[in-house]
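A quick write-up on the structure given underneath.
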Amino acid sequence: MAKREGFEVLAIDAFADVDTVAAADEVWRLPALCEQLSAADLKALIDKLDSWQPDCLLIGSGLEADLESYASLCQRYTLSGNAPAVIEQVKNPFWLNTHCARHHVMTPHVQSQPPQQGRWLYKTAGQSGGAHVRDWNKTSGINSIGDGYWQAFLAGQPVGALFVANKNSSMLIGVHALKQRPGIYTYAGVSRLHDAKLTHAMQELLDAVVPDSGLIGINSLDAIWQKGRLHVLEINPRLSASMRLYAESPLIQAHLASCQGKGIPELHPYAIHASHCIVYAKQTIEINPSELPAWLEDRPVNGTIAGGQPVCSLYAEASSRDAVQHMLQDKKTQLEKLWGTYVCEHIEFNIH
């Protein structure tokens, strides 16, 4: 997206897939971005950035769980995004719960001690991607650990919003359904939603919670859509993977303009349907990277994919939801022919 909008890009990524290598001017792989950065990792990252002398840094997911490293980058470079204090505040589930209540926005109850009854989720504060979320009951053996907390489970449709926060206002970019891996809560993609009532409710929600949150730039919000009402689950105070659904808009320019206190370029609503699906390996599989079709996204560099790791992504857009599903199913069928039945039995396509 940044390249398309005219920027010169050094991409620092945990996977450095084929698409990233092809798109960026330079790519540096840093697997530790999936975890907490060690002192050596942070030094190596700073050395690489110093050699490039970037005009600004844009940060995606992961570093909100490593605020010490994030703060170090903020002090050294022009980081276009939320201040460390804002991230720490927004990612605090108890602050968010109080903030929502103060603005009359619904959100599931959270607590720091094991519940006595009912259905709950156990989460780790500051994390992203959903891999840290677990179902909880009295026999699960999970007690308070570090930054862990409990959030009351709420049935309904998981949805997300991509938005731009600009001083005392917000602009909704789009609303989408959130996909999760079967039986767990790991992020597995998004699909655009075209529900006028939901869109209106989401903009009203953003108008309530964003103005005094300290947020700037592009952020995302996760919620549950239940019986015509939204319940906030969490706010992700950084660039989001859901931006893929809106990649034709000048989102990088909008993000930078907001962070610099300038006017945001006009972003047109999307009328067509689209879906982005992350394909995961259930167990270690072997594929031939040289045979991967060009229409696959996030194509891996290595042929060995460990269980639980992403393999690639599928994307489709069309005039209707049914047409999108048909296109995704067709791509799945082509991959089944390419990789064979045995391999595909151990893959989650997450196209629904």
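Table for the structure above
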quantity	calculated
Top of 299, 76, 29 by mean-square fluctuation, Gaussian network on the chain, Cα under 10 Å	76
Residue with peak Gaussian network fluctuation, the chain [Cα springs, cutoff 10 Å], from 55, 135, 207	55
Relative contact order (%) - criterion: Cα under 8 Å, at least six apart; region: the range 87-259	24 percent
Residue of 336, 291, 317 that the Gaussian network model of the chain assigns the largest fluctuation, springs spanning Cα pairs under 10 Å	291
Residue order, fewest to most beta carbons within 10 Å, for 344, 277	344, 277
Hz values of 3J(HN,Hα) by residue in the range 37-46 - Karplus curve (6.51, -1.76, 1.60), Gly and Pro given as x	6, 7, 4, 5, 4, 5, 4, 5, 5, 5
Exposure proxy ranking, count of Cβ atoms within 10 Å, fewest first, for 134, 102	102, 134
Along principal axes, Cα extents of the range 1-80, largest first, whole Å	32, 24, 21
Distance violations [Cα-Cα > 25 Å] among 282/331; 227/331; 123/167; 3/43; 123/262; 91/282	227/331; 123/167; 3/43; 123/262; 91/282
Residue-by-residue Karplus 3J(HN,Hα) for the range 266-276, coefficients 6.51, -1.76, 1.60, Hz, glycine and proline x	5, 10, 7, x, 9, 9, 8, 8, 7, 8, 10
Three-way shape label, the range 273-348, alpha-carbon gyration tensor, a/c 1.5	prolate
Trypsin sites (Lys or Arg not before Pro) within the range 228-286: DSSP coil, no more than 14 neighbouring Cβ in 10 Å	262, 282
Nitroxide proxy distance, nm - points 7 Å out along Cα→Cβ at residue 75 and residue 56	2.3 nm
Viscosity 1.567 mPa s, 4 °C: Kirkwood-radius Stokes-Einstein D of the range 35-166 over Cα pairs, µm²/s	76 µm²/s
Proxy reagent accessibility, fewest Cβ within 10 Å first, across 66, 47	47, 66
Length added when fully stretched, residue 111-residue 95, from 0.36 nm per residue minus Cα-Cα	4.6 nm
The chain - percent relative contact order, Cα under 8 Å, separation 6 or more	15 percent
Approximate spin-label separation residue 5-residue 46, in nm, with each point projected 7 Å along Cα-to-Cβ	2.8 nm
Whole-Hz couplings from phi, Karplus 6.51/-1.76/1.60, listed for the range 332-343; x for Gly and Pro	4, 4, 4, 5, 4, 5, 6, 8, x, 4, 4, 4
Within the chain, helix-based [θ] at 222 nm, where runs of 4 or more DSSP H residues each add -39,500 (n - 2.57), nearest 500	-8000 deg cm²/dmol
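Read the figures in this text as sums done on the coordinates, not as results from a lab. Small disclaimer: the values here were computed from a predicted structure and weren't measured. Every residue, glycine among them, receives a Cβ derived from its backbone with ideal geometry; neighbour counts consider all protein chains shown.
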